[in-house]
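The structure under discussion appears below in the form of structure tokens.
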Amino acid sequence: MTEKATLLTVYKLLPQTNCGECGELNCMTFASNLLERKMTVKDCPPLVKDSKYKAQAAKLAELIAPPVREITLGIGERAVKIGGKQVMYRHDLTYHNPTAIAIDVSDKLGDAEIVDRVNQAEKFQFTHIGESLRLDAIAVRAASGDAQRFSEAVALVAKTTPLPLILCSLDPAALRLALEQKGVYERKPLLYAVTKDNWKDAGALAKQYSCPIVAFSPGDLSVLKALAKTLRAMGNDEIVLDLGFWTRGGLLKSSIENLEMLRRSAIQKEDKDLAYPIMAVPAVAWIGESPDQKATAYRESYMASLLLTRFADIVIMHSLDVWALLPVLTLRQGVYTDPRRPVAVEPGLKAVGSPNETSPVLLTSNFALTYYTVANDLEAMGVRCHLLVLNTEGLAVEASVAGGQFNAAGVRELVTSSNVETRSKHRKLVIPGLAARLSGEIEELTKWEVMVGPKDSSQIKEYLDKFWNGSKT
Ligand code: SF4
């Protein structure tokens with residue numbers, strides 16, 4: 001067993017001079033940042049520059065290298081990193097490199113349909129809790145069986161979008177033709193896939209064009225291991241593993257168990273042959289399905305959700321329906337958010353709409369989900385108001401009232417520091433219904449008249465219409 005990267009083992013390999021050149025107070029803090037992947041070995045100048053630390057630096061780089069290889073797909077701003085996982089579960093350490101979501105494009109489609117589908121995928125964007133959720137890659141499928149048509153479709157997709165490409169064909173000759181199209185191999189596409197039947201040519205192709213490649217062996221772990229080993233021996237170390245995916249009954253169960261086994265082998269058993277990112281294809285839900293498109297898209301959506309909670313580093317989906325993609329994207333956002341740090345927004349005074357001196361003044365917490373829900377509800381209902389955002393250390397209203405972070409002294413400080421008194425000529429403050437028990441204390445400390453609002457922000461408009469005399473909402 002190799003040594004585990006812990007605070008102490010990492011610290012021992014640092015110069016331990018606490019010189020501060022890295023911008024941290026001491027080497028221990030730097031060690032913690034290294035483990036959290038907020039900094040790299042190169043951020044410690046003495047370690048990099050002083051030859052006496054050369055062996056230590058090399059050992060440290062090896063020690064903190066994630067057990068699962070990190071691979072970059074594509075180039076430029078839309079390049080995406082997959083893998084790089086250090087732990088099995090996110091309560092052990094923050095998860096990095098969210099599961100990449102690729103959308104498939106068949107080469108059987110006409111050129112205009114291909115361009116339209118690719119544009120839809122590239123432009124897909126949804127803002128949730130202040131974060132922009134987007135799709136990550138385009139997987140071009142050689143469904144026509146015609147290498148020439150496949151290469152034309154790949155060239156068209158490459159011309160249309162900067163998103164990373166996945167070239168899906170088991171025919172190395174078709175992959176070669178596609179790679180040779182203008183501007184394709186330079187984009188570092190992921191080749192899908194090498195199998196027990198085409199390994200020689202497909203492996204050589206990946207090596208020649210320095211492209212990452214998927215080793216595909218449906219349901220057969222020993223073949224998958226052999227493929228990964230062979231690819232490495234051929235000089236390819238950017239490998240993605242696909243053990244196949246089935247969406248029904250017992251096969252679904254074993255598909256999910258396979259994913260867990262792959263990740264356990266890499267992280268807990270340190271099996272170098274399986275220490276690579278995992279791919280799964282929920283788009284197989286569409287194979288042989290009934291024409292009930294909605295039911296199939298729904299099935300694909302929950303299969304993708306299942307996969308991204310069970311170690312898949314990249315998935316290929318077919319549906320571009322917003323309702324099918326949103327649950328997957330929001331789930332991914334939740335899974336890859338550090339559970340130890342509540343997502344918070346900057347506290348202070350925010351303007352919703354164009355409030356004036358008579359507009360209501362509302363209060364909420366700085367838990368990102370609460371803030372964005374309240375702000376979005378207010379905007380959607382056309383309410384113009386001043387919104388005071390209290391620093392509750394990223395906790396929601398109910399929890400922070402119970403925990404004491406939402407308190408009257410904090411509200412008084414916020415009212416003073418935000419200068420809300422210069423923007424509003426009344427002295428009325430609407431507090432969340434869930435903070436009702438603090439109303440008296442807030443009134444006493446702020447000298448503002450406190451109105452207890454609804455518990456749910458969706459009822460604010462109705463509340464203001466009823467109770468806010470003279471409000472211009
Ligand atoms: S620069 Fe290196 S030696 Fe100096 S404090 Fe940071 S980690 Fe320690």
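The values are calculated or read from the model by the stated rules, or taken from the named source; none is laboratory data. The structure displayed is predicted, hence computed values, not measured ones. As a convention, Cβ positions derive from the backbone with ideal geometry for all residues, glycine included, and neighbour counts pool all protein chains shown. For the accessible areas, the whole protein counts, side chains as well, though only heavy atoms, and no ligand, DNA or RNA atoms are used. Shrake-Rupley method; radii C 1.70, N 1.55, O 1.52, S 1.80 Å.
Couple of notes before you dig in:
- Of all residues in region 41-66, those satisfying the criterion of being surrounded by 12 or more Cβ atoms within 10 Å (Cβ to Cβ) and within 12 Å of the ligand (Cβ to nearest atom) are V41, D43, C44, P45, P46, L47, V48, D50, Y53, Q56, A57, L60.
- Candidates in region 1-27 are the residues that are part of a helix (DSSP H, G or I) and touching a Leu at 6+ places or on another chain (Cβ under 7 Å); of these, the one that is nearest to the ligand (Cβ to nearest atom) is C27.
- Residue, farthest from Q268 (Cα to Cα), within region 28-44, restricted to residues that are part of a loop (DSSP other than H, G, I, E, B) and in contact (Cβ under 8 Å) with a residue 12 or more places away in the chain: C44
- Breaking point among (1) open to solvent by 10 Å² or more (accessible area, probe 1.4 Å); (2) aromatic (F, W, Y); (3) modelled with pLDDT of 95 or more, for Y372: (3)
- For M261: the one exception among (1) within 20 Å of V80 (Cβ to Cβ); (2) touching a helix residue (DSSP H, G or I) at 6+ places or on another chain (Cβ under 8 Å); (3) touching a residue at least 40 places away in the same chain (Cβ under 8 Å): (1)
- Residue among G83, G76, G23 that alone is open to solvent by 40 Å² or more (accessible area, probe 1.4 Å) and within 27 Å of Y192 (Cβ to Cβ): G76
- The set of residues in region 424-437 that are touching a strand residue (DSSP E or B) at 6+ places or on another chain (Cβ under 7 Å), under 18 Å from A399 (Cβ atoms) and in contact (Cβ under 8 Å) with a residue 24 or more places away in the chain comprises I431, P432.
- Residue match in region 29-37 (condition: within 25 Å of the chain's Cα centre (by Cα) and away from the ligand (no atom under 13 Å from the Cβ)): yes
- Annotation note: Cβ proximity below 9 Å between a residue of region 127-154 that is touching a residue at least 24 places away in the same chain (Cβ under 8 Å) and a residue that is among the β-branched types (V, I, T) and surrounded by fewer than 17 Cβ atoms within 10 Å (Cβ to Cβ) (sequence gap 6+ or interchain) occurs for H128/T330; I129/T330; L133/T127; L133/T330.
- Annotation note: of A139, A121, A100, A57, the sole residue that is farther than 19 Å from V328 by Cβ and aliphatic (A, V, I, L, M) is A57.
- Among the candidates S359, S400, S354, residue that is of a type outside the set (A, V, I, L, M, F, W, C), buried (at least 21 other Cβ atoms within 10 Å of the Cβ) and over 19 Å from I129 (Cα atoms): S359
- Test for I129: is it closer than 21 Å to R232 by Cα and of a type in the set (A, V, I, L, M): no
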